[in-house]
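Asker: Shown below is the structure under consideration.
Computed from the coordinates by the stated procedures, all read-outs in this text should not be read as laboratory data. Every value quoted in this text rests on a predicted model; they were computed, and no experiment measured them. Glycine gets a Cβ as well: all are built from the backbone with ideal geometry, and neighbour counts include every protein chain shown.
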Amino acid sequence: MRLTRRGAVAGVAAAAVVLAGGCTSGDGEAPPEPARSFAPGAAGAGDPYFPGYGNGGYDVASYDLKLGYDPATDELSGTATVTATALADLSQFNLDLAGLDVSRVTINGVAGSRTRAEGNELIVTPPTGLPKDREFVAEITYAGKPGQLGTAALGQGGWLHTGDGAIALGEPESASTWFPVNDHPSDKAAFRLEITVPEGLEALSNGVPGERSTAGGSTTWRWEEKTPMAPYLATLVIGQYRVETGTHKGRPVVTAIPESLPADGPAARSMAETTRIADHLETVFGPYPVDAYGGVVVTDQRISYALETQSRPVYGNTFFRGGENLSVVAHELAHQWFGDSVSVRQWKDIWLNEGFATYAEWLWSEHEGEATAQQRFTDTYAGFDWSVPTGDPGQANLFGPAVYQRGGMTVHALRRTVGDEDFFAILKAWTAEKRNGNAATAEFVTLAERVSGESLRTMFDAWLFGTTAPPVPR
């Protein structure tokens, strides 16, 4: 994410249900299967910054959404099919869903019950317990007027109704405003969307575009992202947009700008550089890790940031009012490696996303013959406020200078410490070994030490967790 300013399977509660059955023994009798203790999954993923985000007890493999949206009434309706595996013997499980009305839930094709709880929790009770390690399919039918989520420190995220459509966007949570979801980056999943809107409007989302069809005054758009995706990276932009399509290295390229912006203006010219920037970052970070390229520019005044929505970042037009801005494009494209492909396990480790994306801006500047990474480091270091630790900034500082600028300086400090050869080997090893997964700061430190053969704990402690200016490596 670029601003213009500015867990785990939880324990289960006590409840018991006995399952009988099993294979036939040698004497013809069927020995009973060991008794199972079914209990509810947790109403949170265990993240210390956001205890209520996400849920425990299951792992989602895919979301398949079939939706319809009418901008005139701001009404969204449809069905979400969630395919998941139980990580414990579940008597019930939670999904995150904000505000929308659920009319029906089935689990493996059989009707289940549902209730609402405080904190945008949808509690689903299947007709029978879900055994550990078994796949199950939940289908949720729902409708309503989507809204927003947010805090004073982090701003608004979610579904924004616009003059000609809508924009679904936000970090650290937003997906739960428009579909039922395990809304935490620790549970990544494939994503498929079919959305029907009035004819004449575009509907842009993540991944590879599918077949588009028009009938009866409506158009159905289809998108699919097979690379596992953190829920906050899902986006949907509906409105009147000028869409450019193509292919690059066998992947689709889809960029879009509002029809209200000039076709040859700075936003359009910046989007046209997407693949050139991605190609350079590929030489630094390793193979491009997601299914498609692209970007969408929006003009809504509520969006004064850019977000790394997977395969198709969304950019507030504020970045292009002064002309072309390839730095922000480099930042969001770097996130396709750092944040999207390799996602945080907990939000306190967000510097692993933003520090490397900030450093990608410095590398792009150096590549273009502008300020070098060393010059950017020196300018940023001078007069910096070191009071907030990068490696654990606290919820209120999640999108602050300690995460972005100090995070970028930490990356450069590593480069200065180990030298270019080991430094770029570390980056490529990290993106290769952690691809499509989640990771934490301690894992990055361990990998950096292994690849470089150096002891780096003292350096990382000073740069990530100290509250005074760390020494600059020679």
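Asker: Each residue of the stretch 115-128 in order: what ³J(HN,Hα) in whole Hz does its phi give by Karplus 6.51 cos²θ - 1.76 cosθ + 1.60, θ = phi - 60°, with x for Gly and Pro?
Answerer: Values per residue, Gly and Pro as x: 9, 9, 9, 4, x, 6, 9, 9, 9, 10, 10, x, x, 9 Hz.
Asker: For K66, go through the aspartates and glutamates and keep the ones whose alpha-carbon is under 13 Å away, minus same-chain ones fewer than eight residues off.
Answerer: Candidates past the 8-residue exclusion: E139, E194, E224.
Asker: Roughly how far apart, in whole Å, are the Cα centres of the stretch 287-310 and the stretch 31-87?
Answerer: Using only Cα atoms, the two centres lie 25 Å from each other.
Asker: Quick check for me: using +1 on Lys/Arg Cβ and -1 on Asp/Glu Cβ, what's the dipole size of the chain about its Cα centre, in debye to the nearest 20? Working shown, then result.
Answerer: Working: 36 positive and 57 negative charges, 74 e Å.
I would put it at about 360 debye.
Asker: Based on the mean of other Cβ atoms within 10 Å per residue, sort peptides 305-318, 57-70 so the most packed one is first. Provide the component values of the computation, followed by the final result.
Answerer: On the way: 305-318: 24.9, 57-70: 19.6.
Taking the mean over residues of other Cβ atoms within 10 Å, the ranking is 305-318, 57-70.
Asker: Could I ask something else about it? I want the antiparallel fraction of DSSP beta bridges within the stretch 207-301, as a percent rounded to 5. Write out the running numbers ahead of the final one.
Answerer: Details: 13 of 17 bridges.
Taking every DSSP beta bridge with both residues in the stretch 207-301, the antiparallel ones total about 75 percent.
Asker: For A263 and T141 in the same chain, what is the full-extension length gain: residue separation times 0.36 nm, less their Cα-Cα distance, in nm?
Answerer: Working: separation 122, 0.36 × 122 = 43.92 nm, distance 3.95 nm.
Gain on stretching A263 to T141: 40.0 nm.
Asker: Under a no-solvent Debye model with one identical scatterer per Cα of the chain, what's log10 I(q)/I(0) at q = 0.12, 0.13 Å⁻¹?
Answerer: Taken in order of the listed q values, log10 I(q)/I(0) reads -1.04, -1.19.
Asker: Run through the DSSP bridge list for the chain and note the antiparallel percent, rounded to the nearest 5. Could the numbers behind the result be given before it?
Answerer: On the way: 82 of 102 bridges.
Given both bridge residues lie in the chain, the antiparallel proportion sits at roughly 80 percent.
Asker: Here is a further query. Mind checking the stretch 311-371 for trypsin sites (Lys or Arg not before Pro) that DSSP puts in a loop (not H, G, I, E or B) and that have at most 15 other Cβ atoms within 10 Å?
Answerer: Numbers: sites: R321, R345, K348; in loops: R321, R345.
Here the trypsin sites (Lys or Arg not before Pro) that fit, given the DSSP loop and packing criteria, are R321.
Asker: Hey, another quick one. Evaluate the Kirkwood expression for the hydrodynamic radius of the stretch 100-210, namely the inverse of the mean inverse distance over all pairs of different C-alpha atoms, and round to one decimal in Å.
Answerer: Details: mean 1/r = 0.0615 Å⁻¹.
Computed over the stretch 100-210, the radius equals 16.3 Å.
Asker: Let me ask something else. Helix-derived [θ] at 222 nm for the chain: sum -39500 (n - 2.57) over DSSP H runs of at least 4, divide by residue count, nearest 500? Walk me through the intermediate numbers first.
Answerer: Working: 9 runs with 106 residues, N = 474.
Helices in the chain give a 222 nm mean residue ellipticity of -7000 deg cm²/dmol.
Asker: Which listed residue (T468, A440, L149) has the Cα farthest towards the positive end of the charge dipole for the chain, taking +1 on Lys and Arg C-beta and -1 on Asp and Glu C-beta about the Cα centre?
Answerer: T468
Asker: So for the stretch 249-333: antiparallel DSSP bridges make up what percent, rounded to the nearest 5?
Answerer: Numbers: 2 of 9 bridges.
In the stretch 249-333, approximately 20 percent of DSSP beta bridges are antiparallel ones.
Asker: With the crude spin-label approximation of a point 7 Å out along Cα→Cβ, what separation in nm comes out for N436 versus T83?
Answerer: With each label point 7 Å from Cα toward Cβ, the separation is 1.4 nm.
Asker: Okay, next question. Suppose we keep just the alpha-carbon trace of the stretch 231-387; what are its Rg and Dmax in angstrom?
Answerer: 15.6, 47
Asker: Calculate, for A35 and A117, the FRET efficiency according to 1/(1 + (r/R0)^6) with r their C-beta to C-beta distance and R0 25 Å; round to the nearest 0.05.
Answerer: That gives a FRET efficiency of 0.30.
Asker: Where does each of 353-365, 416-428 land if you order them by average Cβ count within 10 Å, highest first? Don't jump to the answer; show the numbers that get you there.
Answerer: On the way: 353-365: 25.2, 416-428: 16.4.
Ranked from most to least packed, the peptides come out as 353-365, 416-428.
Asker: Another question about this same structure. Using 0.36 nm times the number of residues separating D379 and Q156, minus their current alpha carbon distance, what extension gain do you get? Present the calculation step by step, with values, prior to reporting the outcome.
Answerer: Values: separation 223, 0.36 × 223 = 80.28 nm, distance 3.16 nm.
Taking D379 through Q156 to full extension adds about 77.1 nm, to one decimal.
Asker: Report, ordered by chain and residue number, the aspartates and glutamates lying within cross-link reach of K434, taken as a straight Cα distance under 13 Å and ignoring same-chain residues fewer than 8 apart.
Answerer: Those aspartates and glutamates meeting the cut-off are D340, E443.
Asker: Give me P(r) over the stretch 368-474, computed from all C-alpha to C-alpha distances, binned every 5 Å, as integer percentages.
Answerer: 2, 12, 22, 23, 21, 15, 6, 0
Asker: Along the charge dipole of the chain, pointing to its positive end and built from +1/-1 on Cβ of Lys, Arg, Asp and Glu, which listed residue (A111, H280, L67) has its Cα farthest out?
Answerer: H280
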